[in-house]
Amino acid sequence: MQHTLTPRRWLVLIAVMLGASIGDALLGIGMKQLGPVSLHHLSALFFALKSPWIISGIIVLLGFMACYMTALSWADITFVLPATAFGNVIVTILSRFWLHEHVSPSRWLGVALIVIGVGFVANGPSRTEYASVEVEALP
């Protein structure tokens, strides 16, 4: 039996991709403003919680986690994780054009390979069907 994704389920997958990407970008902005954090000064991480960028990133990532868990409730992880890996493309684009980071040609090549891999995985079923085993009742 082939499982097809409803428009609502596609929206959940898109929310997973965008939520992880945007949440990570917001955390990146906040942590760059904070500066380096070391294991010897972990109190700086608590200070980071005062940053609106960090708070926004955490809220968006909580939404991502809710959508991710929802997707895992109706699809195999071997479908959900690769299907949402397209978020790596979004992160790279956000990093380049919003965060103004340099993205090397080898990283762009890696993103292209991810897109190709996602294309292979997206063609498969979203859920593995197992044959039901009938158990005979003992007399």
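The values are calculated or read from the model by the stated rules, or taken from the named source; none is laboratory data. Computed from a predicted model, the values in this text were never measured in an experiment. Positions of Cβ are generated from backbone atoms using ideal geometry, with glycine treated the same way; all protein chains shown enter the neighbour counts.
Could you please find all residues in region 24-44 being part of a helix (DSSP H, G or I), in contact with a helix residue (DSSP H, G or I) (Cβ under 8 Å, 6 or more places away or on another chain) and without any contact (Cβ under 8 Å) to a residue 60 or more places away in the chain? Spell out the reasoning first.
Looking only at region 24-44, we keep the residues that are part of a helix (DSSP H, G or I), and these are 24-34, 39-41, 43-44.
Now drop any that are not in contact with a helix residue (DSSP H, G or I) (Cβ under 8 Å, 6 or more places away or on another chain), which leaves 24-31, 33-34, 44.
Once the filter is applied, which keeps residues that are part of a helix (DSSP H, G or I), in contact with a helix residue (DSSP H, G or I) (Cβ under 8 Å, 6 or more places away or on another chain) and without any contact (Cβ under 8 Å) to a residue 60 or more places away in the chain, region 24-44 yields 26, 27, 30, 31, 33, 34, 44.
Only one of the numbered conditions (1) under 21 Å from residue 120 (Cβ atoms); (2) touching a Cys at 6+ places or on another chain (Cβ under 7 Å); (3) of a type in the set (A, V, I, L, M) is violated by residue 13, and that is (2). In this entry, residue 53 is excluded by the filter for residues that are surrounded by 12 or more Cβ atoms within 10 Å (Cβ to Cβ) and touching a His at 6+ places or on another chain (Cβ under 9 Å). Inspect all residues belonging to region 8-23 and state whether any of them is more than 18 Å from the chain's Cα centre (by Cα), at pLDDT below 90 and either at positive phi or of a type in the set (A, V, I, L, M, F, W, C) (or both). The answer is no; no qualifying residue exists.
Candidates in region 1-24 are the residues that are hydrophobic (A, V, I, L, M, F, W, C) and surrounded by fewer than 20 Cβ atoms within 10 Å (Cβ to Cβ); of these, the one that is nearest to residue 53 (Cα to Cα) is 18. In the list 73, 56, 21, which residue meets the criterion of being within 26 Å of residue 108 (Cβ to Cβ), assigned to a helix (DSSP H, G or I) and hydroxyl-bearing (Ser, Thr, Tyr)? Just a single option satisfies the conditions, and that option is 21.
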